[in-house]
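The values are calculated or read from the model by the stated rules, or taken from the named source; none is laboratory data. Just so it is clear, the model here is predicted, and its values are computed rather than measured. All Cβ positions, glycine included, derive from the backbone under ideal geometry; neighbour counts span all protein chains shown. To get the accessible areas, we keep the full protein, side chains included, count just its heavy atoms, and leave off ligands, DNA and RNA. Shrake-Rupley method; radii C 1.70, N 1.55, O 1.52, S 1.80 Å.
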Amino acid sequence: MTRRSSTLLTVAMLVFLLYAIFPLAWLLLSSTKDTSDLFSTFGLWFGHRFSLLSNIRATFSYGNGEYLRWLGNTLLYSVTSAVGAACLATFAGYGFAKYTFAGRSAMLAGVLGTIMVPATALAIPTYLLFSKAGLVNTPWAVILPSLVSPFGFFLMWVYARDAVSDSILDAARIDGAGELAIFFKVAVRTLAPGFVTVLLFTLVATWNNYFLPLIMLNDPRYYPITVGLSSWASQATGGSGANGGLLPLVVTGSMLSVIPLIVAFVLLQRYWQSGLSAGAVKE
């Protein structure tokens with residue numbers, strides 16, 4: 001690679017880095033401002049008063065602790081969906097990768113084809129099905145659809161196909177181990193990086209999900225952070241009865257909602273990185 005090409009790639013990476021950091025920097029700095037400073041000062045600089053602590057207190061106390069309830073709901077939806085989706089994807093991916101059965105190719109093509117379908121296109125049919133089952137406006141209306149991850153299945157199928165050695169499985173069978181024992185005692189350890197990768201992807205997707213909870217839930221007690229903050233934003237900007245004092249709370253609540261995701265990535269990034277790379281390398 002020539003020096004010129006290396007310089008161009010470095011500049012391109014810096015541009016992408018700035019593009020990614022810019023919203024976070026604006027969010028962090030804006031959360032330190034009060035309502036007047038949000039409109040009167042430059043977005044990427046501090047306001048006249050440092051109001052971060054007062055904004056955090058107001059965010060957690062407003063509406064009898066609505067934000068804390070929404071945060072708890074989001075944790076419940078995201079963690080339950082992420083663990084469940086990662087487990088189902090691991091079971092299915094391993095089964096399709098290591099067993100031969102009638103109709104496997106057709107089912108595999110069908111599942112992979114659903115990756116091309118936008119999630120928003122499935123929202124209305126999902127709502128109608130859950131309405132018939134009486135699950136609308138319950139936590140299950142958000143958790144159950146999030147448990148099925150076609151992309152997670154695809155990732156685990158590729159990962160299990162290349163990472164789990166057939167010779168090791170055959171050796172375990174010769175030693176008399178059953179299929180369940182082989183899966184839990186041999187394959188699961190090898191599949192751990194892929195499991196964590198699917199878990200992280202699903203965690204982020206469910207945490208940031210807005211459209212599905214919006215159509216499934218109408219009781220503020222069950223709102224996740226995305227829908228809850230949107231309702232605050234509507235109150236802050238909604239016509240003559242607008243409450244402009246809610247704008248700093250919306251910004252601060254958005255900033256606080258990013259922190260758990262950052263913590264999750266910091267704690268699990270080594271598994272995530274190894275899972276992404278290992279699935280792309282054949283033995």
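If I fit a long axis through the Cα atoms of helix 247-278 and take the longest principal axis of the Cα atoms of the chain, what angle between them do I get, 0 to 90°, rounded to 10?
Long axis of 247-278 versus the principal axis of the chain: about 20 degrees.
Run the numbers for Phe39 and Asn243: contour at 0.36 nm per residue of separation, minus the present Cα-Cα distance, in nm.
Values: separation 204, 0.36 × 204 = 73.44 nm, distance 1.47 nm.
Gain in length upon complete extension: 72.0 nm.
Once neighbouring chains are kept in place and the probe is 1.4 Å, which whole percent of the accessible area of the chain is contributed by carbon and sulfur?
Using a 1.4 Å probe with all protein chains present, the chain comes out at 70 percent carbon and sulfur.
Please label the shape of the range 1-149 as rounded, prolate or oblate, based on the square roots a ≥ b ≥ c of the eigenvalues of the alpha-carbon gyration tensor (a/c under 1.5 means rounded; beyond that, a/b larger than b/c means prolate, else oblate). Don't jump to the answer; show the numbers that get you there.
Details: a/c = 3.00, a/b = 1.35, b/c = 2.22.
Because a/c hits 1.5 or more and a/b fails to exceed b/c, the range 1-149 counts as oblate.
Add -39500 (n - 2.57) for each DSSP H run of 4 or more in the chain, then divide by its residues: what number comes out at 222 nm, to the nearest 500 deg cm²/dmol?
For the chain, the value works out to -25000 deg cm²/dmol.
Find out how many positive minus negative residues lie around Gly65, taking Lys and Arg as positive, Asp and Glu as negative, among other residues whose Cβ is under 13 Å from that of Gly65.
Neighbourhood net charge equals +2.
Just the number please: accessible area per residue for the chain, 1.4 Å probe, all protein chains included, in Å².
Numbers: 16050 Å² over 283 residues.
About 57 Å² of surface per residue is accessible.
How do 105-113, 225-233, 44-52 rank on mean C-beta neighbours within 10 Å, highest first?
225-233, 44-52, 105-113
Report the Cα centroid-to-centroid distance between the range 29-66 and the range 81-139 in angstrom, as an integer.
The two parts, judged by their Cα centres, are 41 Å apart.
If you line up the long axis of helix 188-207 against the longest principal axis of the chain, both from Cα atoms, how many degrees apart are they, to the nearest 10?
Compared with the principal axis, the helix lies near 30 degrees.
On a 0 to 90° scale, report how tilted helix 119-133 is relative to the longest principal axis of the chain, with both axes built from alpha carbons and the result rounded to the nearest 10.
So the inclination is approximately 90 degrees.
Show me the ranking of peptides 149-160, 133-144 by mean Cβ neighbours inside 10 Å, starting with the highest.
On the way: 149-160: 22.5, 133-144: 16.9.
Ranking the peptides 149-160, 133-144 by packing returns 149-160, 133-144.
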